[in-house]
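What follows is a set of notes on a single structure, which appears directly below.
What follows is calculated from the coordinates using simple rules that are stated; it is not laboratory data. These numbers come from a predicted model, not from an experiment. Note: ideal-geometry Cβ built from the backbone for every residue, glycine included; neighbour counts use all protein chains shown.
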């Protein structure tokens, strides 16, 4: 087990992502953050807090993708997680999806489908804390906390103080 | 969760709460303009109805369709059943057509259990009402409706007082509701004329009262049951008028309810018999919410049974 990001580094990475979101969108007028539960939702809230300190409040919500997964039939049914779309909606907005780890890209594909059920944003961007490679779909992140080269057998664990007690990112060797 | 939903006894309290929570999340998703989810694409749900029903069948049908399942409606009238086909042959036909779930409504108590245990089919069986036995999805949608009106009831229903009024004897809705509400911790009082209380009621974890007027003042929920004229071959009460005077929810009784209390009815209502028109249309009535919540609960049940890896059973000859 190796720690690749500690609490300070996670905080700095999220703050940098917040700055990049402002830069890329020339402000925050039409930006909406949507975190993908469980940990992406906490990261979305944290980025929104940084954005609030730097440039002003931004609508933030959560988007559960369970019902749109393509691997539902490979496991027992999963509980649904909360979806909270901000009251201002996503129609014509620049939606920034937030997740903890970008791996195969299948979660993001499901998120794009889930968004399509809700409305038609002007653009969809992706912010992730960790990009570990091994994409199975043509998907990339616009904002990356850290690129971590991994082997397919390793697993990446993101711990966040909101539910895990403390902040860290670890790599665990595969079985 | 088990492969079938035949009785409320198939569910633990936490599994029941899980279904209610799934339905709450589905309701948030369904608020938007588009209501179709891809989750059960390619799965087939058969509605096998041997008894007349509009709302339950339509509710299951729209729940399955909102999850993109294929729906086959099969009603006994106008099918081979009216030519004398047995349940076994009907079931084997559905198996050959590749049904993933069978929603069955049947006039005989235990029909759903028979279908599930028979080995005739590998599909999940959902009981949509069997005789005077059970109607589990109705109890789940009633619990969901109660929880949406009393938001303090998050984890369980302890402290909630519910009166179930009317034909307890023949009511599968009452039986499933008693099982679920007591499982979740609510206090249930059954109110009916003595002739419509089942024998063996003392084994149920409920209070029984014959006096509607005094019992009604303390309860949070009044659940009225339909007087089932199709099951009233014997005389259980002298006249409809007398029943209505003793056990009907009229305007005077409605006004004696607590301010926060709600009035429920599984439908279809006999207006003027067990419930007066004023009561049915009052602001305390949640009858229409029950109908729309029914679709959410049935989506949640279909998701729990069919949404994951296949739980299909073995088929024996």
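Points to keep in mind about this one:
- With Cα atoms as the point set, the range B:9-146 shows a radius of gyration and Dmax of 15.4, 46 Å.
- Antiparallel bridge percentage (DSSP; both residues within chain B; nearest 5): 5
- In whole angstrom, the range B:136-289 maps to an equivalent ellipsoid with semi-axes of 22, 18, 14, each derived as √(5λ) from the alpha carbon gyration tensor and ordered largest first.
- For the protein assembly as shown, share of DSSP beta bridges that run antiparallel, in % to the nearest 5: 15
- The alpha-carbon positions of chain A define a convex hull whose volume is 121 Å³ per residue.
- Across the range A:72-136, Cα-Cα pairs farther apart than 18 Å form 46% of the total.
- Shielding value for A:78-91 is 3, the average number of Cβ atoms from other chains within 10 Å of each residue's Cβ.
- Rg and Dmax over the alpha-carbon atoms of the protein assembly as shown stand at 26.4, 82 Å.
- Protection proxy ranking, peptides A:87-94, B:50-57, B:21-28, A:62-69, average beta carbon neighbours within 10 Å, highest first: A:62-69, B:21-28, B:50-57, A:87-94
- Share of Cα-Cα pairs in chain B lying beyond 33 Å, as whole percent: 25
- With a simple spin-label model that places each label point 7 Å from the Cα along the Cα-to-Cβ direction, the separation between residue B:14 and residue B:259 comes to 3.9 nm.
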